[in-house]
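Asker: My questions all concern the structure below.
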Amino acid sequence: MQYTSEAIEKMVEIFSALPTIGRKTAQRLTFYLLREPADFSRNFADTLIDLKEKVHYCSKCFNYTENDPCPICSSAKRDNKIICVVEEPNDVLAIEKTSEFFGYYHVLHGVLNPLDGVTPEDLKVKELLQRIDHTEEVILALNSSVEGEATTQYLSRLIKPLGIKVSRIASGIPIGSSLEFSDEATLSRAMECRIAI
Amino acid sequence: MGWSQKIFLNGFSPFRLFGILTTAYMKIRKITINNLRNHSHTEMEFADGINIISGLNGAGKTTVLEAITICALSKSFLAMPESAIIKSGTDGYYIASEAISDLGIPYKISVGFTKGKRKLIKSSLGDSLLPKEIIGEMPVSVLSPDYKSITFGSPGDRRNFIDKILSQVSRRYIEEAISLKKCLKQRNRILQIARKDVNFDMSLIDPWTEILIKTGAEIVSRRHRFIKEFQPLFEKYYKDVSGGREEVSLTYLPDHISLGPGSEVADVQSLIGQYKTAQGEVEKSELRRGTTLFGPQKDELRIDINGGIAKEYASQGQHKSLLISLKSAEFNYLFEKKQECPIILLDDVFSELDSQRSAKVLELLNSKFAQAFVTVTDPEKLKDCIDSSIPSKYFLIENGCVVNQY
C-alpha cells in the first residue's frame, strides 16, 4: 500500500476515477478533506447522496431535474411550438444563458456513433418523436463533429416527413471577433453559409 | 545599386514596404532535438541560406530533417509510427525550434511526444495545439528518395502527395480530410454490422452516406482545382529537367466521377449528384463486402510520360526526373499560394542523381532565397556548386552529435 491508511487509498482511487482528475489532484483533494472540519465532509457526503437520489431525468425533455416535469417543461410562458434538440444537459445551460430561446428542449444524451456502438435506441430519439405532434419547428442544435452531423441528418430524415419544419443552428464567425483573426476553416464555412439581405 | 535592390538584399522585398502582400520568408534559426532516434540532445544554429548536414550512413543526418518536419507538419516526413522514432531506452522525444520571418517576427514551436500520451504542441500561437493548427505555419517542401513511391507506388501514395500540399495551403481542406476519415470509419463499421444482421435498419446508413458524399464532393472539387493549377508548373519543370525531349501530363481521375474535359472548376452540386448515382450502383456490393466502395479515398492521379502510364513506362532516370519536377512544382505552388517561401529539405538526393539533374536541383536552391537543409555523405562535391554569395553552414554529424560545424 502506498498510503498509511486504507481509507485514504480508497478516497484517492475514487477521486481519480472522476474525469479530468489525475492521481496528484486526487491526493491533494483527499488531504484537503482531511484538514477541513468534520462538518464539511458530512455536508459533502450528504450532498453527494442527495444528488443521486433526488435528481433524475425529466420525463419530457430528459434534462436533469428534481421535480418532474422540470421547471422549463412546466413553465407556461414557454412556446410549445418549438423544440430545440441538444446532445447533453450542458448544452441546455449554454442556450438558456442566452435568454433568447423560449421554446422547449429535448436532450438526446449523446450522438450516433457506430464505432462506440451508440445506436438510436441508446439515445432519446423515440421519446423525441413521441412528443412532437403539436410542434411546428424542431431546431437541431448538435455539435459540428462528424457524429453530430450524422445525427442531425438522421433526425431530419425522421422528422421532415411528419410535416414539421426542421432547422439547424448556423456555424460561422463568433460575434465581436474580427474577420482577420478568424481561422480559415470557419471563415470559408461562413462564406458558404452566407445569407441574402 | 538602386534603392530597391538595397532593400531586397537586406531581406525585405520592396513591395512589403507599401503594405501590399508579397512573399514572406521564414527562416529557422535554431533547433533543439531531444531523444529522437540516435540524437539524445542536439542543439543547432542554422544559416539563413543553405545548411549542409554531412556524416556517414546512420550518423543521424536525416533525423535533423525529420525534426524540422515534425515542427512544420507535426510528424516526420518518413511514414513511421511515433513510437519507432523515439531514442531507444527513453520514453519520448522533444523538439523545439525558433524561426524568424523576414519582418523580424519570431515564431517558436515545440513538439513533445511521450509514449502512450497525446502529442503536446506549443507554438507562438498558443499552448496545447492540434496538429491542424500548426500545419502550414512554416511551409516545407521535402525531397527524399523515399518519395519515389509517388511515381512508382500505389494510388494512395499519389493521394498523399496531393493531400500534403493542399493541407499546407488550406485549413478547410484539412478539416474536410479529417471529416472524411472519421466518416469512413463510422460508415464501414455500420456496413459491417449491417452485413451480419438481416433485420438491420438500413436507414441508419443514410446519414453517413450523406456526409461522405458532401465531404467527398468538397475534396474532389479542391483536388481538381489544385491539379489544374499544378499541371502547368509540373510540365514546365519537367521540360527543364529533361531538356524538353519528353511529353508528360497529369490527369486527376476521381473515383466514380467524370469531370468534363477542360473544365476549370468542378461544381460541388454536380459532384454530389454523380456520387449519389455511384452510391446507387455500389449499394449492394457495399452491403455484401461490408465496406465503402466509392469516394475520394479511391481517387487516382495518373502521371503520363510519352503517352504511357509513368508507373509502367518510365525508366529509372525518368522516374527521378518526374520526382524532381513534381517537387519543384510543389515548391513553387506553395510559394505562389501562400505568398511565403517554403523551407527546402533535401534528403540524400544528390547521391541518386547524375550531374545534370543535380544541377537542376541546385538551381532551385540557388534561386528564390529559400532556406534549405541538405543531407549528403560527401560535402566537398556540393561545395563547388553552391553560389558563394549565399550564406551557408556545414555540419558534420557522428553518432547523433554535431562534431564539427563551420
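The values are calculated or read from the model by the stated rules, or taken from the named source; none is laboratory data. None of the values given here were measured: they were computed from a predicted structure. Quick reminder, even Gly has a Cβ in these numbers, built from the backbone with ideal geometry, and neighbours come from all protein chains shown. Calculation scope for accessible area: heavy atoms of the full protein, side chains included, ligands and nucleic acids excluded. Shrake-Rupley method; radii C 1.70, N 1.55, O 1.52, S 1.80 Å.
Asker: Per-residue HN-Hα couplings for the stretch B:138-151, Karplus 6.51 cos²θ - 1.76 cosθ + 1.60 at θ = phi - 60°, whole Hz, x for Gly and Pro?
Answerer: 10, x, 10, 10, 10, 10, 9, x, 4, 7, 3, 4, 4, 8
Asker: Provide, as a two-decimal number, the C-alpha radius of gyration of the stretch A:6-54 over 2.2 N^0.38 Å, N being how many residues it has. Mind dumping the intermediate values first?
Answerer: Numbers: Rg = 11.4 Å, N = 49, 2.2 N^0.38 = 9.7 Å.
Its radius of gyration relative to the 2.2 N^0.38 Å reference: 1.18.
Asker: Do the sum for chain B: with -39,500 (n - 2.57) for every DSSP H run of n ≥ 4, divided by all residues, what is the mean residue ellipticity at 222 nm, to the nearest 500 deg cm²/dmol? Provide the component values of the computation, followed by the final result.
Answerer: Values: 13 runs with 176 residues, N = 406.
Only helices count here, giving -14000 deg cm²/dmol.
Asker: Something else: Using a Cα-Cα cut-off of under 23 Å, which lysines could be cross-linked to A:K54, ignoring same-chain neighbours fewer than 8 residues away?
Answerer: A:K124
Asker: Ok, one more. Just checking the output field for B:124-130: average partner chain Cβ neighbours within 10 Å of each residue's Cβ?
Answerer: Across B:124-130, the average partner-chain Cβ count within 10 Å equals 0.
Asker: What FRET efficiency comes out for B:T277 versus B:E229 if R0 is 22 angstrom and r is the Cβ-Cβ distance? Round to the nearest 0.05. Intermediate results must be reported in sequence, preceding the final value.
Answerer: Working: r = 28 Å, r/R0 = 1.27.
FRET efficiency, B:T277 to B:E229: 0.20.
Asker: Another question, if that's okay. Can you list the residues in the stretch A:172-186 whose accessible area drops by at least 30 Å² when all protein chains are present, compared with the chain alone? Use a 1.4 Å probe, heavy atoms only.
Answerer: Output list: A:E184, A:A185.
Asker: Given an 8 Å cut-off on Cα distances and at least 6 residues of separation, report the relative contact order of the stretch A:123-197 as a percent.
Answerer: After rounding, I find 27 percent.
Asker: Sticking with this one: Using a 1.4 Å probe, how large is the accessible area of B:E175, given in Å² and rounded to the nearest 10?
Answerer: B:E175 exposes around 50 Å² with every protein chain in place.
Asker: In nanometres, what is the gap between the two model label sites at A:K54 and B:N57, each 7 Å from Cα along Cα-to-Cβ?
Answerer: Going by the 7 Å Cα→Cβ label model, 7.5 nm.
Asker: Viscosity 1.002 mPa s, temperature 20 °C: give me the Stokes-Einstein translational D for chain A in µm²/s, with Rh taken as the Kirkwood radius over C-alpha pairs.
Answerer: The calculation lands on 105 µm²/s.
Asker: While we're on this one: Work from the charge dipole of the protein assembly as shown (Cβ charges, +1 for Lys and Arg, -1 for Asp and Glu, about the Cα centre) and give the residue of B:V169, B:G260, A:Y64 farthest towards its positive end.
Answerer: In the protein assembly as shown, that residue is B:G260.
Asker: What does the accessible area per residue of the stretch A:6-54 come to in Å², with a 1.4 Å probe and no ligands, DNA or RNA counted?
Answerer: On a per-residue basis, the stretch A:6-54 sits at 82 Å².
Asker: Further, regarding this structure: First obtain the Kirkwood hydrodynamic radius of the stretch A:1-111 from its Cα pairs, then insert it into the Stokes-Einstein equation at 25 °C and 0.890 mPa s, and state the resulting D in µm² per second as a whole number. Before the final figure, lay out each step's value.
Answerer: Numbers: Rh = 16.9 Å.
D = 145 µm²/s.
Asker: How much space per residue, in cubic angstrom, does the convex hull of the C-alpha atoms of the stretch B:293-380 take up?
Answerer: Residue-normalised Cα hull volume stands at 151 Å³.
Asker: Taking every DSSP beta bridge with both residues inside the stretch B:292-406, roughly what % is antiparallel (nearest 5)?
Answerer: Percent antiparallel among DSSP bridges in the stretch B:292-406 is about 60.
Asker: Rounded to the nearest whole Å², what accessible area per residue is found for the stretch B:209-281 with the 1.4 Å probe?
Answerer: About 46 Å² of surface per residue is accessible.
Asker: Then there is this: Could you check what % of the DSSP bridge pairs in chain B are antiparallel, to the nearest 5?
Answerer: Values: 41 of 61 bridges.
Restricted to chain B, the bridges split so that about 65 percent are antiparallel.
Asker: Between the stretch B:306-355 and the stretch B:111-157, what is the C-alpha centre distance in whole Å?
Answerer: Here the answer is 20 Å between Cα centres.
Asker: Which net charge results when you count Lys and Arg as +1 and Asp and Glu as -1 among the other residues whose beta-carbon is under 14 Å from that of A:T30? Mind dumping the intermediate values first?
Answerer: Values: positive: A:K10, A:R23, A:K24, A:R28, A:R35; negative: A:E6, A:E9, A:E13, A:E36.
Cβ neighbours under 14 Å give a net charge of +1.
Asker: I'd like the residues of the stretch B:203-221 whose 1.4 Å-probe accessible area shrinks by no less than 40 Å² going from the isolated chain to the full set of protein chains.
Answerer: B:L204, B:P207, B:W208, B:E210, B:I211
Asker: The stretch A:80-192: percent of C-alpha pairs farther apart than 22 Å?
Answerer: 38 percent
Asker: Turning to a different aspect of this structure: With a 1.4 Å probe and every protein chain kept in, tell me what percent of the accessible surface of the protein assembly as shown is carbon plus sulfur.
Answerer: Values: 16850 of 31580 Å².
The nonpolar share, carbon plus sulfur, comes to 53 percent.
Asker: Then there is this: Under a 1.4 angstrom probe, counting protein chains only, how are A:D133, B:D387 ranked by accessible area, largest first?
Answerer: In descending accessible area the options line up as A:D133, B:D387.
Asker: Something else now. Across chain B, how large is the tail of the calculated P(r) beyond 38 Å, expressed as a percent of all Cα pairs?
Answerer: That tail contains 26 percent of the Cα-Cα pairs.
Asker: Share of antiparallel DSSP beta bridges in the protein assembly as shown, in percent to the nearest 5? It would help to have the intermediate numbers written out before the result.
Answerer: Working: 44 of 76 bridges.
Looking only at bridges with both residues in the protein assembly as shown, the antiparallel portion is about 60 percent.
Asker: How many square angstrom of accessible surface are buried between A and B, both sides summed, with a 1.4 Å probe and rounding to 100?
Answerer: It comes to approximately 1800 Å² buried between A and B.
Asker: Name the residues whose placed amide hydrogens come within less than 5 Å of the amide hydrogen of B:E398, ignoring near sequence neighbours (fewer than 5 apart) on the same chain.
Answerer: When sequence neighbours closer than 5 places are left aside, the close amide H contacts are B:V403.
Asker: When only Cα pairs under 8 Å and 6 or more residues apart are kept, what is the percent relative contact order across chain A? Display every interim value, and only then the final one.
Answerer: Numbers: 213 pairs, mean separation 25.0, N = 197.
Relative contact order for chain A comes out at 13 percent.
Asker: Right, here's the next one. Take peptide A:139-150, look around each residue's Cβ out to 10 angstrom, count Cβ atoms belonging to other protein chains, and average those counts.
Answerer: Across A:139-150, the average partner-chain Cβ count within 10 Å equals 4.
Asker: Considering the protein assembly as shown, what Rg and Dmax in Å follow from its alpha-carbon atoms?
Answerer: Considering the protein assembly as shown through its Cα atoms, Rg and Dmax are 29.1, 90 Å.
Asker: Can you tell me, using C-alpha contacts under 8 Å and at least 6 residues apart, the relative contact order of chain B as a whole percent?
Answerer: Averaging sequence separation for qualifying contacts and normalising by length gives 26 percent for chain B.
Asker: Residues in the stretch B:74-91 near a label at B:K148, defined as backbone nitrogen under 19 Å from the 7 Å Cα→Cβ point?
Answerer: B:77-80
Asker: Let me ask another. Okay, helix-only estimate at 222 nm for chain A: each DSSP H run of n ≥ 4 adds -39500 (n - 2.57), divide by all residues, round to 500 deg cm²/dmol; what do you get? Display every interim value, and only then the final one.
Answerer: Values: 8 runs with 84 residues, N = 197.
Dividing the helical sum by the residues of chain A leaves -12500 deg cm²/dmol.
Asker: Just tell me how shielded B:172-183 is by partners: mean number of partner chain Cβ atoms within 10 Å of each residue's Cβ, no decimals. All intermediate terms of the calculation are to be shown ahead of the outcome.
Answerer: Numbers: counts 9, 3, 2, 7, 1, 0, 1, 4, 1, 1, 6, 4.
Neighbouring Cβ atoms belonging to other protein chains average 3 per residue here.
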